[in-house]
Amino acid sequence: MDNDRISRAGAPLLSGLRPIALVPGVLLWIALAVPAVAQTLPSAAAEILPSAREAGGGAFRYFGLLVYDAKLWTAGPRFDAEATYALGIRYARNIKGLKLAEESVKQWRGMRYGFEDRYEAWEAEMRRIFPDVKPDDELVGVHLPGKGAQFYFNGKPAGAVADGAFARAFFAIWLDERTTEPGLRRALIAEK
């Protein structure tokens, strides 16, 4: 993990460190010469977004446990919700694809995003595309303004949803001001 990634509490994470022993309530760490696994934009996605640059990244934790690392790539110097961009998620846990789809709908409801009449159809699309994930699996979505979203699983095409409203709603889970994780949003779009 990179030092600039943040936990839910906003504290920096320790890079390249692994626990080695528990001594009277203190966890000792040792630095290993193992480079962090870097998320990369799949080559097919890079063709859609040839001028991609990393905008930011962060970690999502649930009760202190890492669930995933996320990274945002944009075409310009700043995030623009109306432009083409890519969001990559590298998972740290086993999660069923069905659960990913259900949680997306749950997030929209919590955000009061709108489009409730489309949630069932969108959930069916996500169930079709999203596989079960395990640690180090990566799902990358590319926002195609006005057209929809293209998804890649571990660098290979996973499917697409040809609906611009779906694409806006899906990426809003992380990038909209109404997100349930504003700290992660700020880290992704590099907002201070």
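The values are calculated or read from the model by the stated rules, or taken from the named source; none is laboratory data. Quantities reported herein were computed from a predicted structural model and do not represent experimental measurements. As a convention, Cβ positions derive from the backbone with ideal geometry for all residues, glycine included, and neighbour counts pool all protein chains shown.
Structure summary
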read-out: Matching strands (runs of 3 or more DSSP E) fully within the stretch 78-154 where at least 1 residues are crowded, with 19+ Cβ neighbours inside 10 Å, among the charged types (D, E, K, R) and modelled with pLDDT of 95 or more; value: 85-91, 138-144
read-out: Any chance Leu66 is modelled with pLDDT of 85 or more and either more than 24 Å from Gly146 (Cα to Cα) or surrounded by fewer than 18 Cβ atoms within 10 Å (Cβ to Cβ) (or both); value: yes
read-out: So Trp73, is it within 17 Å of Asp176 (Cβ to Cβ) and buried (at least 19 other Cβ atoms within 10 Å of the Cβ); value: no
read-out: Subset of the stretch 113-144 [touching a Gly at 6+ places or on another chain (Cβ under 7 Å) and over 18 Å from Lys96 (Cβ atoms)]; value: Val140
read-out: Candidate set: the stretch 155-192, residues that are surrounded by 15 or more Cβ atoms within 10 Å (Cβ to Cβ) and among the acidic types (Asp, Glu); chosen: the one nearest to Tyr85 (Cα to Cα); value: Asp176
read-out: Residues of the stretch 79-92 classified as touching a residue at least 24 places away in the same chain (Cβ under 8 Å) and either out of contact with any Pro (no Cβ under 8 Å at 6 or more places or on another chain) or of a type in the set (Asp, Glu) (or both), total; value: 9
read-out: Options Tyr152, Tyr119, Tyr91: the member that is more than 20 Å from Leu41 (Cα to Cα) and of a type in the set (Phe, Trp, Tyr); value: Tyr119
read-out: Odd one out for Tyr119, checked against (1) touching a strand residue (DSSP E or B) at 6+ places or on another chain (Cβ under 8 Å); (2) over 15 Å from Tyr85 (Cα atoms); (3) not small (Gly, Ala, Ser); value: (1)
read-out: Test for Leu72: is it within 30 Å of Ala124 (Cβ to Cβ) and either in a strand (DSSP E or B) or at pLDDT 85 or above (or both); value: yes
